[in-house]
2 protein chains.
Amino acid sequence: MTSAELAGQRDTATHPNGVSKEFLSWFAERMRVTACQVERTPLNELPGWSFDEATGNLTHDSGRFFGVEGLHVRSSYGPISEWSQPIINQPEIGILGLLVKSVDGVPFALVQAKMEPGNFNSMQLSPTVQATRSNYTRVHRGSRTKYLDHFTDPRAGSVVADVLQSEQGSWFLRKRNRNIIVEVDDSVVAEDGHYWMPLDELRSLLRIDGLVNMDTRTVLSCLPASFFAEDRGRLAADGMATALARSISGDGTPLHNAESVLSWFTAAKSKHELAVRRTPLSALPGWQHTPEEIFHDDGKYFRIVGVSVRTDDREVSEWHQPLLYPTGQGIVAFVVKDIGGVAHLLVHARYQAGLLDAMEMGPSVQCNPGNYPDPQPTFLDYVRHAPAKRILYDTILSEEGGRFFQSQNRYLLVDAGDDVPIEVPDEYCWVTAHQLTGLLRHGYYVNVEARSLVACLHSLW
Amino acid sequence: MTSAELAGQRDTATHPNGVSKEFLSWFAERMRVTACQVERTPLNELPGWSFDEATGNLTHDSGRFFGVEGLHVRSSYGPISEWSQPIINQPEIGILGLLVKSVDGVPFALVQAKMEPGNFNSMQLSPTVQATRSNYTRVHRGSRTKYLDHFTDPRAGSVVADVLQSEQGSWFLRKRNRNIIVEVDDSVVAEDGHYWMPLDELRSLLRIDGLVNMDTRTVLSCLPASFFAEDRGRLAADGMATALARSISGDGTPLHNAESVLSWFTAAKSKHELAVRRTPLSALPGWQHTPEEIFHDDGKYFRIVGVSVRTDDREVSEWHQPLLYPTGQGIVAFVVKDIGGVAHLLVHARYQAGLLDAMEMGPSVQCNPGNYPDPQPTFLDYVRHAPAKRILYDTILSEEGGRFFQSQNRYLLVDAGDDVPIEVPDEYCWVTAHQLTGLLRHGYYVNVEARSLVACLHSLW
């Protein structure tokens with residue numbers, strides 16, 4: 001089911017388990033009242049943007065927001081030892097802030113129905129605040145970001161999580177956002193466009209295609225285990241259900257203790273070098289640069305395109321910007337295995353050129369299959385062809401619609417049973433969901449794709 | 001007392017408390033048998049090194065080891081908003097490895113007497129293994145690094161700590177080393193140049209000027225609290241002694257809980273931007289470039305100089321290299337305060353241009369006073385003029401002698417009593433030693449100067 005179909009179902013009884021009519025009604029109304037037009041515009045006609053004469057980099061005339069630059073990469077790891085690519089450089093740290101509250105012991109979250117120009121369905125659910133520094137310091141002279149003060153000046157003791165996390169390491173250069181969750185009391189009301197909903201219900205929505213946006217997913221992944229209701233009837237009491245509950249709650253013994261997981265990751269990071277150098281966008285081997293867009297000779301990977309946006313939903317009602325347009329749909333999957341009665345996720349020590357420290361823990365599979373004709377990445381074939389009874393989770397989700405155009409990935413959780421052994425290649429490691437949640441208190445351990453899957457996993461609880 | 005004086009005292013009874021005659025004898029013997037000559041050599045006459053024609057960067061002809069490059073920095077923080085400087089670029093990850101063992105319940109560490117060309121006293125105590133990747137992969141075709149296999153292929157379960165940590169963020173560009181501690185059984189013997197000593201005695205040696213090198217200090221700081229002997233008679237039972245013991249062991253309540261400390265640090269990181277760009281070494285505004293050396297117009301900060309080295313102590317017996325020669329002696333100090341019966345250290349959220357994520361937690365004071373005529377850094381005046389009875393620790397220590405020439409800092413721990421209030425400026429935070437040790441399980445939280453001081457603090461236990 002897509003979010004558009006969902007909105008059409010507000011008056012029927014067929015809405016998915018755990019999703020209320022009240023939410024459906026609110027979301028459909030937001031879709032109805034929010035006008036938004038997105039038009040493709042050639043890069044060299046984007047008002048306010050220009051190609052720097054010296055470097056060819058695409059930058060905003062204010063010097064703020066973000067730019068598109070070139071990157072040259074040399075690596076001693078993987079099948080391709082050297083390449084060049086465009087990359088989005090956004091040095092400023094934005095805020096992805098979620099307000100939560102407890103009503104009679106039930107946790108609620110304050111979400112926002114937000115339009116982003118790159119969303120394939122226009123409107124998705126975003127956290128309470130989703131703002132770049134240029135946004136919230138009002139470089140573009142828009143209206144004030146609602147609820148911002150709760151995050152820039154949180155009252156002592158109310159911070160649940162507060163950590164800088166990376167974003168797409170293949171598309172962003174050292175980008176990081178502040179993921180912050182603040183608990184408030186019942187006096188904070190939902191203003192226009194915002195909606196208080198039970199955290200459980202928000203997690204249920206993760207099982208609907210393209211509804212919960214990336215920013216919501218990453219900030220949800222940072223919630224500690226204490227933010228699960230005690231009593232959960234959702235999971236049948238079969239083996240994997242119990243194993244998942246143990247994995248999330250931290251009950252049961254992990255295959256590797258915390259020190260071993262840290263040591264595995266440090267060793268993996270130390271094994272190879274990734275030399276990254278910023279280069280002029282105008283001279284990237286293998287890439288074509290037309291007045292309209294930038295694309296790869298083989299038509300692979302992604303394009304840089306321009307859009308013009310008009311909406312009544314945002315601080316600014318009209319603007320123009322470049323977006324990164326990925327080619328084809330990607331696959332992001334965790335192989336999950338019951339080990340000793342506890343569900344373990346197979347994380348991959350993954351190099352990505354734009355990551356601050358070159359490597360973070362990614363999902364078992366994370367790729368666009370079209371970019372890899374042969375050999376295909378490890379475990380890709382397995383998760384693509386897993387039998388239906390093995391699929392724990394299977395939903396199409398978008399990446400950040402403020403920077404990526406119609407980006408869609410198929411997110412999967414696959415129960416490996418006995419198909420995947422406990423012994424795995426050196427760059428993989430079995431960890432529990434609770435171990436990942438512990439690492440998520442710190443930045444730069446778990447990449448954004450894996451964080452999304454952690455949030456999706458929580459929707460199975 | 002200096003290490004040279006110490007060596008002269010092997011046959012007297014006046015050696016410092018906690019230091020054995022056996023160690024003094026071994027160290028003096030190592031000094032005696034190790035020949036080493038270091039000669040200053042003009043940069044443009046350093047065999048194997050040359051200035052790149054395009055960039056002016058100083059690099060090794062092999063393309064390995066390290067290089068001296070230029071850096072341009074723009075910051076929205078601090079009194080100087082823009083500057084350029086030379087910086088050492090050493091992208092490869094080295095190993096700082098310490099073997100430990102338990103003999104009848106007493107922890108021992110395996111140290112090495114190691115000559116480095118930049119050491120002002122030639123020989124200092126280094127960890128079991130101290131090797132760059134170029135060293136241990138034998139780029140220079142030297143002899144094999146002893147004990148290396150214990151760290152590149154440690155047995156599961158024997159790893160005590162294993163983490164990438166940064167080094168001097170003002171002098172290195174995104175340098176990090178693998179700090180790894182591995183526990184072995186009694187069968188591992190000390191080969192030539194190595195020495196098993198009680199961990200307690202090694203910590204005592206931290207109170208001797210210029211004896212325990214930076215690499216040993218950083219790796220010692222990563223030891224968890226369980227590596228302290230249970231029964232310590234060293235500290236008198238006065239208030240600060242008890243407060244320090246509680247601070248290290250984790251007993252007693254910290255002023256700020258773990259979540260608040262993380263949130264304070266994330267907020268501090270998010271407040272400003274530091275834009276760092278690599279630039280040609282040949283065109284650095286404010287810096288002079290002669291055939292002999294590179295230095296600042298004002299004679300401040302540091303010089304880049306060359307040395308030629310001959311020794312019989314190392315994998316390679318003769319080599320040539322540039323070194324960074326800091327101007328004058330620096331001061332590195334923690335202000336310490338008894339808060340609720342627990343000693344707290346005043347950490348500073350410190351921007352440094354070469355740090356991977358721009359900011360780490362540094363000591364309360366970290367500067368070369370000569371570089372700051374006016375205004376002087378916060379708390380500098382206080383720690384310089386603290387009365388003797390307030391000084392908990394006061395020792396001159398070297399920074400890394402393989403990259404820095406005769407670098408010396410005065411390391412201080414100063415009991416603030418009531419002189420410094422609990423309320424401090426936003427970019428400072430009171431934390432316990434145990435909280436820092438917890439953060440040290442992860443990289444890039446605590447800078448190398450603060451890590452040194454954590455190790456020094458442990459010497460007071």
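Helix-only arithmetic for the protein assembly as shown: the sum of -39500 (n - 2.57) across DSSP H runs with n ≥ 4, divided by the residue total, places the mean residue ellipticity at 222 nm at -5500 deg cm²/dmol. The convex hull around the C-alpha trace of the protein assembly as shown, projected and averaged over every direction, spans 38.0 square nanometres.
Counting charges near B:Arg155 (Lys, Arg +1; Asp, Glu -1) among other residues having Cβ under 11 Å from its Cβ returns a value of -4. Between this copy and the others, label points of B:Glu191 are 6.8 nm apart in ascending order, each placed 7 angstrom from Cα in the Cβ direction.
Pairing chain B with chain A buries about 2900 Å² of accessible area. This figure sums both sides and uses a 1.4 Å probe. When the trypsin sites (Lys or Arg not before Pro) in segment B:13-62 are filtered for DSSP coil states and for at most 12 other beta-carbon atoms within 10 Å of their beta-carbon, no site remains. Element breakdown for chain B at a 1.4 angstrom probe: carbon and sulfur atoms account for 48% of the accessible area. Calculated FRET efficiency, A:Ile422 to B:Thr253, Cβ-Cβ distance, R0 = 56 Å: about 0.85 to the nearest 0.05. How would segment B:346-461 be classified by its alpha-carbon gyration tensor: rounded, prolate or oblate, with rounded meaning a/c under 1.5 and the a/b versus b/c comparison settling the rest? The shape class here is rounded.
Classification of chain A by its C-alpha gyration tensor yields an oblate form. The axis ratio a/c (a ≥ b ≥ c) is 1.5 or more, and b/c is at least a/b. The Cα atoms of segment B:188-306 give a gyration tensor whose axes a ≥ b ≥ c have a/c of 1.5 or more with a/b no greater than b/c, which makes the shape oblate.
Taking the label point 7 Å along Cα→Cβ, A:Gly417 and its counterparts in the other copies are spaced 7.4 nm apart, in ascending order. Within 10 Å of the Cβ of each residue in B:349-356, the mean number of Cβ atoms contributed by other protein chains is 1. Phi angles of segment B:89-99 translate, via the Karplus equation with coefficients 6.51, -1.76, 1.60 and θ = phi - 60°, into HN-Hα couplings of 9, 9, x, 6, 9, x, 10, 10, x, 10, 8 Hz per residue; Gly and Pro are given as x. Extending 7 Å from the Cα toward the beta-carbon at both B:Arg277 and A:Asp298 defines two label points whose distance is 3.3 nm. Interface residues of segment A:159-180, defined as those with an accessible-area decrease of at least 10 Å² between the chain by itself and the complete set of protein chains (probe 1.4 Å), are A:Val159, A:Val160, A:Asp162, A:Leu164, A:Arg174, A:Arg176, A:Arg178.
Each label point was placed 7 Å from the Cα along the Cα-to-Cβ direction; for B:Arg40 and A:Ser317 their separation is 7.0 nm. The gain in end-to-end length when the B:Thr290 to B:Asp238 segment is fully stretched comes to 13.1 nm, 0.36 nm per residue minus the alpha carbon separation.
Taking a sphere under 11 Å around the Cβ of B:Phe120 and counting the other residues whose Cβ falls inside, with K and R at +1 and D and E at -1, yields a net charge of -3. Let me spell out the model: positive unit charges on the Cβ of Lys and Arg, negative unit charges on the Cβ of Asp and Glu, origin at the Cα centre of the protein assembly as shown. What dipole size does that give, in debye rounded to 20? Dipole size: approximately 260 debye.
Distances between copies at A:Asp61, taken between label points 7 Å from Cα along the C-beta direction, are 5.3 nm in increasing order. Taking a Cβ cut-off of under 10 Å around A:Thr327, the surrounding Lys, Arg, Asp and Glu residues balance to a net charge of +1, with basic ones at +1 and acidic ones at -1. Neighbouring Cβ atoms from other chains, within 10 Å of the Cβ of residues in A:217-224, number 0 on average. Placing unit charges on the Cβ atoms only, positive for Lys and Arg and negative for Asp and Glu, gives chain A a dipole magnitude near 340 debye about its Cα centre.
The values are calculated or read from the model by the stated rules, or taken from the named source; none is laboratory data. Note that this is a predicted model, so its numbers are computed, not measured. Here the Cβ is made from the backbone with ideal geometry for all residues, glycine too, and neighbour counts use every protein chain on show. All accessible areas refer to the heavy atoms of the entire protein, side chains included, with ligands and DNA or RNA removed. Shrake-Rupley method; radii C 1.70, N 1.55, O 1.52, S 1.80 Å.
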